[in-house]
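K.L.:
A single structure is presented below for examination.
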Amino acid sequence: MRTTTVVIGAGHNGLATSQLLSDRSIDHVVLERNEVANSWRTERWDSLRLLTPNWQCRLPGYDYEGDDPDGFMTVPEVIEFLSAYAKSVAAPIQTGTTVTSVRRNGDGYTVTTDQGEWSCSTVVLASGAFSKQRLPDFAAAVPDSVTTLTSVEYRNPDQLPEGPVMVVGASATGVQIAHEVHRSGRPVTVAVGEHVRGPRMYRGRDIHWWMDVAGVLDERYDEVDDIVRARNVPSMQLAGSPERSTFDLNSLTDNGVQLVGRFAGVRDGQALFSGSLRNKCELADLKLGRLLDTIDEWALTSGIDDSVPPPHRFEPTRVSNPPTLGLDLASGSINTIIWATGFRPHYPWLEVDVLDAKGMVKHDGGVVDAPGMYLLGMPFLRRRKSSFIDGGRADAEDLVAELSAYLARPEE
Ligand SMILES: Cc1cc2nc3c(=O)[nH]c(=O)nc-3n(C[C@H](O)[C@H](O)[C@H](O)COP(=O)(O)OP(=O)(O)OC[C@H]3O[C@@H](n4cnc5c(N)ncnc54)[C@H](O)[C@@H]3O)c2cc1C
């Protein structure tokens, strides 16, 4: 079969790309191994809600129009939202079709699937950034007596053995899972490395509203000093709860969760923690202060300062002294470890030489190091908001424009 563009993946980025390709009458197919919104169906825990407010679900030609713009969708609601988008786009999706190889073929590509082969001029990789857990090398050294699972495998506390749980990682995923597991009655310890602190509400508005209007989320990849670093910054400690609660480390310790430093290794059945907990927390407090300074400055210059509550600062993160530096994993002091250590994409089928040593696609703002190949959905791909649903619109618009220009290039 022949088409101009093969889009791999029918998450929001694949669907947005399809809409924009159709707008330009570019012949294409979207190949999806399962169903539309598969990652929301198979890779998320039961109680998860979007941490971005509903009004921030803005896709090409399709905005959230429900009656709760300031609320946070549940996972079934996200699946419904994306399925309705797929219908409205009338995307040419071939579901139940797994891409097994992408190879260069002359001027274009051969995309092989378990349902047949496609040849095409251009390929859009929209297969997701968060399908696998990033695990530390020493994960395999955890004693067998401890049950381990990743946040991609976690569904709810009922799946865990009774007894104490350690959640490794204190970004959005780690703090949310830690709260839930603690509420199930299990003692919880959180191993805290670098993290980004975020209050749900500030000066009467949602923090995402502030970051949106102040342009923080629109910051471009070619404007930041160190894009490699920016792409590796962990997600902000946020959750979307109906109560609009803040999910920071103080809220965890208020509830009786214990904090330790970064999980640094396992020796003789002992979990070893870095002594840097206080430093990491001070750094996160400092960065939160800088974000709030930016917001306050924007409120002043944009003239809304008087119409919102006055600026204030949050209590610094409380850290107990002295820090715990080790825990005996074999003695039952920890029965379960949940790795919430970040995600990574997975391209076992990509046979084009575009992966770096860490298995990440090499690209410049989504334009891959291979002619006619484009990438979507990676953290800070083109903008700070690239990995959010709201980032899909602007990024896909830019990259479909690039793709279109590539197709229109003069013959060599
Ligand atoms: C826990 C978690 C919470 C998040 N919360 C929010 C939030 O609150 N707000 C927000 O804006 N964003 C959130 N995100 C980020 C982001 O919006 C989602 O990860 C989103 O699913 C990414 O969309 P995507 O289209 O890039 O990729 P995906 O949704 O992952 O879609 C990729 C698709 O490609 C398919 N695929 C993969 N490999 C193949 C193959 N070989 N052949 C065929 N098909 C294939 C998959 O089945 C999948 O359907 C969250 C992410 C995670 C992990």
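The values are calculated or read from the model by the stated rules, or taken from the named source; none is laboratory data. Everything numeric here is computed off the predicted structure, so don't read it as measured data. In this analysis, Cβ positions are derived from the backbone assuming ideal geometry, glycine residues included, and neighbour counts consider all displayed protein chains. Ligands, DNA and RNA are excluded from the accessible area calculation, which covers all protein heavy atoms including side chains. Shrake-Rupley method; radii C 1.70, N 1.55, O 1.52, S 1.80 Å.
K.L.:
When DSSP beta bridges are limited to those with both residues in the range 155-300, what percentage is antiparallel, rounded to the nearest 5?
P.N.:
Here the share of antiparallel DSSP bridges comes out near 40 percent.
K.L.:
So what are the three principal axis dimensions of the range 22-158 from its Cα atoms, in whole Å, longest to shortest?
P.N.:
Ordered largest first, the range 22-158 gives principal extents of 53, 44, 21 Å.
K.L.:
While we're looking at this one, here's another question. Over the Cα atoms of the range 196-284, how large are the radius of gyration and the largest Cα-Cα distance (Dmax), in Å?
P.N.:
So, for the range 196-284, Rg and Dmax equal 16.6, 51 Å respectively.
K.L.:
I want the local charge near ASP285. Using Cβ-Cβ distances under 12 Å, sum +1 for each Lys or Arg and -1 for each Asp or Glu among the other residues.
P.N.:
My count for the surroundings of ASP285 gives +4.
K.L.:
Could you give the length gained by full extension between ASP137 and ASP226, i.e. 0.36 nm per residue of separation minus their alpha carbon distance, to one decimal place?
P.N.:
Length gained, ASP137 through ASP226: 29.5 nm.
K.L.:
Something else now. Helix-only estimate, please: 222 nm mean residue ellipticity of the chain, summing -39500 (n - 2.57) across DSSP H runs of length 4 or more and dividing by its residues, to the nearest 500.
P.N.:
On the way: 9 runs with 106 residues, N = 412.
Result for the chain, helices only: -8000 deg cm²/dmol.
K.L.:
Hey, another quick one. Please report how far the C-alpha centroid of the range 266-298 lies from that of the range 169-233, rounded to the nearest whole angstrom.
P.N.:
When both Cα centres are located, 11 Å separates them.
K.L.:
Continuing with the same structure: For the chain, what is the charge dipole size about the Cα centre, in debye to the nearest 20, if Lys and Arg each add +1 at the Cβ and Asp and Glu each add -1 at the Cβ?
P.N.:
The calculation lands at about 800 debye.
K.L.:
Would you kindly find the accessible area of ARG318, with a 1.4 Å probe and non-protein molecules such as ligands, DNA and RNA excluded, rounding to the nearest 10 Å²?
P.N.:
Only protein atoms counted, so the area is about 90 Å².
K.L.:
From the P(r) of the chain, can you give the percent of Cα pairs sitting at distances over 36 Å?
P.N.:
Distances greater than 36 Å cover 29 percent of the Cα pairs.
K.L.:
Okay, moving on. Roughly how many debye, to the nearest 20, is the charge dipole of the range 118-198 about its Cα centre, given +1 on each Lys and Arg Cβ, -1 on each Asp and Glu Cβ, and no other charges?
P.N.:
It works out to roughly 240 debye.
K.L.:
I've got another one for you. Can you list the lysines whose alpha carbon is less than 26 Å from that of LYS362, not counting same-chain residues fewer than 8 positions off?
P.N.:
LYS132, LYS385
K.L.:
Send over a whole-number figure in Å² for the accessible area per residue of the chain, probe 1.4 Å.
P.N.:
The answer is 44 Å² per residue.
K.L.:
Follow-up question, since we're still on this one. Could you compute how much accessible surface GLU282 exposes when probed at 1.4 Å, giving the result in Å² to the nearest 10?
P.N.:
100
K.L.:
Work out, step by step, the length gained on full extension between ARG24 and GLU297: first 0.36 nm times the residue separation, then minus their alpha carbon distance; give nm to one decimal.
P.N.:
Length gained between ARG24 and GLU297: 94.2 nm.
K.L.:
Here is a further query. I'd like the antiparallel share, as a percent to the nearest 5, of DSSP beta bridges with both residues in the chain. Kindly include the intermediate steps, with their values, before the conclusion.
P.N.:
Values: 30 of 63 bridges.
For the chain, the DSSP antiparallel bridge percentage is about 50.
K.L.:
Within the chain, what whole-number % of the accessible surface is contributed by carbon and sulfur, with the 1.4 Å probe and all protein chains included in the calculation?
P.N.:
Carbon plus sulfur share of accessible area: 48 percent.
K.L.:
Mind pulling the angle between the C-alpha long axis of helix 172-183 and the longest principal axis of the chain? Nearest 10 degrees, somewhere in 0 to 90.
P.N.:
50
K.L.:
Let me ask something else. For the Cα atoms of the chain, what angle does the longest principal axis make with the long axis of helix 389-407, in degrees from 0 to 90, nearest 10?
P.N.:
Tilt of helix 389-407: around 30 degrees.
K.L.:
Protein chains only, probe 1.4 Å: how do ILE304, ILE207 rank by accessible area, largest first?
P.N.:
Descending order: ILE304, ILE207.
K.L.:
Compute the angle between helix 277-301 and the longest alpha-carbon principal axis of the chain, please, reported from 0 to 90 degrees and rounded to the nearest 10.
P.N.:
60
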